[in-house]
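Worksheet: the structure to be examined is printed underneath.
The values are calculated or read from the model by the stated rules, or taken from the named source; none is laboratory data. Everything numeric in this text was worked out from a predicted model, so none of it was measured. Backbone-built Cβ (ideal geometry, glycine too); neighbour counts: all protein chains shown.
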Amino acid sequence: MDNPNIAGWSAMAQKYQSESDISTHEIHISPFGPGALSLGLITPKEGEKYLELGCGAAQNSIALDRRGVNTYAVDGSEIQLKNAISLISSSGARTKLIKSDLEKLDWLKPNAFDGVVSCFAAEFVTDFEKFIDSIYYTLKEGGVMLLATVHPLGAFEWDELEGYLRVNDYLNPPVEVWNEQINSDESALTIFRTLEDMYSVLISYGFTVESILEPTPLEDPLQSPYKGRYWEPYLQRFKKIPFSLVFTARK
């Protein structure tokens, strides 16, 4: 049985994919913002092996495949993976898909990947430490992790009229509960974590953090690899408050 977060992700999958314009030539790390490849956050090489965790429709893996990288894309949602099958087929990519709950990654092999990419999945994982431990375990020595997740400020209410954020307790950000689309007694959760909390976990598991970014929208947001109707209502907010927090770290 799917955990509530997988069920929730499945429930919103079609709307999200149809209303988001996500490039298959870039790695998307922030709505209306730049891509990770153009920023040089990671520099994948032909023949390397990369794992994407929480792939959705596998746009990031397809982008890496276009650079000659051997890609493996993981998601717990069958509906998301159906979208990925369609995109992979139309793009001619060789990405291999794996259905797995991100809370249960004990099937990963040690020292298997040159890089791990995870964009907007970590906030749905309840045990962040176990998630990071699994990534460290499966990376080769010197391997790189690119982790993009929701910014902790995203936990707080935006005052649309006044154009500012109502932050009442940043050090203890609330957990977002969303169950309106789920046929279940349980609720899906978005878990916001402070920058310090995430950084401390990365360091404690042996990562060397190389960069921390809070991307802002491009001067021309339509040039972003990550845009669409799904995100348009939030553009003015994102110009003042970052949507995502992005880490690059090396084993």
Practice task
With respect to SER77, determine if the residue is at pLDDT below 95 and surrounded by 23 or more Cβ atoms within 10 Å (Cβ to Cβ).
Solution key: yes
Handout entry: Evaluation of ILE212 against (1) under 16 Å from the mean Cα position of the chain (by Cα); (2) under 24 Å from ILE6 (Cα atoms); (3) without any contact (Cβ under 8 Å) to a residue 40 or more places away in the chain (one fails), failing number
Key = (2)
Fill in the blank from the handout: Those residues of segment 3-26 that are polar (S, T, N, Q) and under 16 Å from ILE62 (Cα atoms) come to a total of 3
Practice task
Report, by residue number, each residue of segment 230-251 that is farther than 27 Å from GLY143 by Cα, assigned to a loop (DSSP other than H, G, I, E, B) and touching a strand residue (DSSP E or B) at 6+ places or on another chain (Cβ under 8 Å).
Solution key: LYS240, ILE241
Handout entry: Test: residue in segment 56-65 that is surrounded by fewer than 17 Cβ atoms within 10 Å (Cβ to Cβ) and either part of a loop (DSSP other than H, G, I, E, B) or of a type in the set (Lys, Arg) (or both)
Key = no
Handout entry: The one condition in (1) under 15 Å from the mean Cα position of the chain (by Cα); (2) on the phi > 0 side of the Ramachandran plot; (3) surrounded by fewer than 21 Cβ atoms within 10 Å (Cβ to Cβ); (4) not aromatic (Phe, Trp, Tyr) that ASP101 fails to fulfil
Key = (2)
Handout entry: Residue within segment 168-179 that is of a type outside the set (D, E, K, R), in a strand (DSSP E or B) and within 16 Å of the chain's Cα centre (by Cα) present
Key = no
Completion exercise
When every residue in segment 80-96 that is out of contact with any Phe, Trp or Tyr (no Cβ under 9 Å at 6 or more places or on another chain), in contact (Cβ under 8 Å) with a residue 12 or more places away in the chain and not in a helix (DSSP H, G or I) is compared, the one surrounded by the most Cβ atoms within 10 Å (Cβ to Cβ) is ALA93
Problem - segment 28-55: number of residues that are of a type in the set (A, V, I, L, M, F, W, C), farther than 12 Å from VAL116 by Cα and buried (at least 24 other Cβ atoms within 10 Å of the Cβ) - result: 3
